[in-house]
Amino acid sequence: MSVLRTEMLLRRLFLLLLFCGGIWDANATSFGNQNVWSEKPLPLVAHRGCWSGDSLPQNSLAAFRKALQQDIYGTEFDVHQTADGKLVVNHDATFNGLAIAQTTYADLCRTTLPNGETIPLLEQFVRAYCEMHSSVLMVVELKTCSVDAVVRLIEQYNVLPHCLFISFSRQYCLELVDKGLGPVTAYLNADLTPQQLKDAGIGGINYHFSHYQSHPIWIPEAHALGLWTGTWTVNDPAVKQSFLADSVIVTTDNVFTSQE
């Protein structure tokens, strides 16, 4: 890994620790004598983009572009790979009844999302990100795809320092660790403790909120270990606020309810 790339990733990790290591104060919104609420976005991640207000399709390019316009921390999307090796954005392993991994990109494009878009390419998302010069992070969930291919494409556009990586696959997370991307990688599957994640070199813990409720010690343990901490998919305003108060990055279907 180049020195420049390492420095950029470390800066991104520092910002994560600002939110998750106890410096972020969701109630007082201040650090020392300096008010930081207006200087930092809310630690919210738009789940599959900003789609709920305008009834946009989830994981559509339109929902992604709208998320990039918000004063939030990040926007999450899911990556699969087609039978002919194209990286596409879609939540499920199927698109309009077609198995993505067994279908060519051209055949997937024979059907569309409700707004008329074809299934988006990851490259289209990355290009849109570059065009919009957004400060919102891309939170890339690796579903069924080549980790190498995803990282190569993102590196091609020089936006790797603007990405976090998440996955239910322990193997995918470990591949990212091997690439030196452990600090910006989080595991989703909730079958590893914070200490086990730390020992594996995985820099983040990002479990469904119900698992933290069942294991209340995990958040303080993760903070003490220097892991960045996230949760999903939290839509109840009171539950959302409780996690924000605990310095946890919250993935939600509606980022706007926490900005009122």
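Summary table
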| read-out | value |
| --- | --- |
| Reduced Cα scattering model of region 152-211, Debye log10 I(q)/I(0), q = 0.18, 0.23, 0.26, 0.27 Å⁻¹ | -0.59, -0.88, -1.05, -1.11 |
| For region 172-260: span of alpha carbons on each principal axis (Å, largest first) | 41, 24, 19 |
| Virtual spin-label span in nm between Met132 and Ala99, 7 Å along Cα→Cβ | 3.4 nm |
| Whichever lysines have a C-alpha closer than 21 Å to that of Lys179, once near sequence neighbours (fewer than 8 apart) are set aside | Lys143, Lys198 |
| Convex hull volume of region 75-155 per residue (C-alpha atoms, cubic angstrom) | 94 Å³ |
| Protein accessible area in region 117-240, 1.4 Å probe - carbon and sulfur % | 52 percent |
| In range of the label at Ser214: residues from region 66-106 whose backbone nitrogen is under 14 Å from the point 7 Å along Cα→Cβ | none |
| Net lengthening on full extension, Val159/Ala200 (0.36 nm per residue, minus Cα-Cα) | 12.2 nm |
| Protection proxy ranking of 167-177, 126-136, 245-255 - average other beta-carbon atoms within 10 Å, highest first | 245-255, 167-177, 126-136 |
| Label-point gap, in nm, between Phe256 and Ala149 - each point 7 angstrom along Cα→Cβ | 3.6 nm |
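The values are calculated or read from the model by the stated rules, or taken from the named source; none is laboratory data. Every value quoted in this text rests on a predicted model; they were computed, and no experiment measured them. For neighbour counting, all protein chains shown are included, and Cβ atoms are generated from backbone atoms with ideal geometry for every residue, glycine included. Accessible surface is based on the protein model in full, side chains and every heavy atom, while ligands, DNA and RNA are left aside. Shrake-Rupley method; radii C 1.70, N 1.55, O 1.52, S 1.80 Å.
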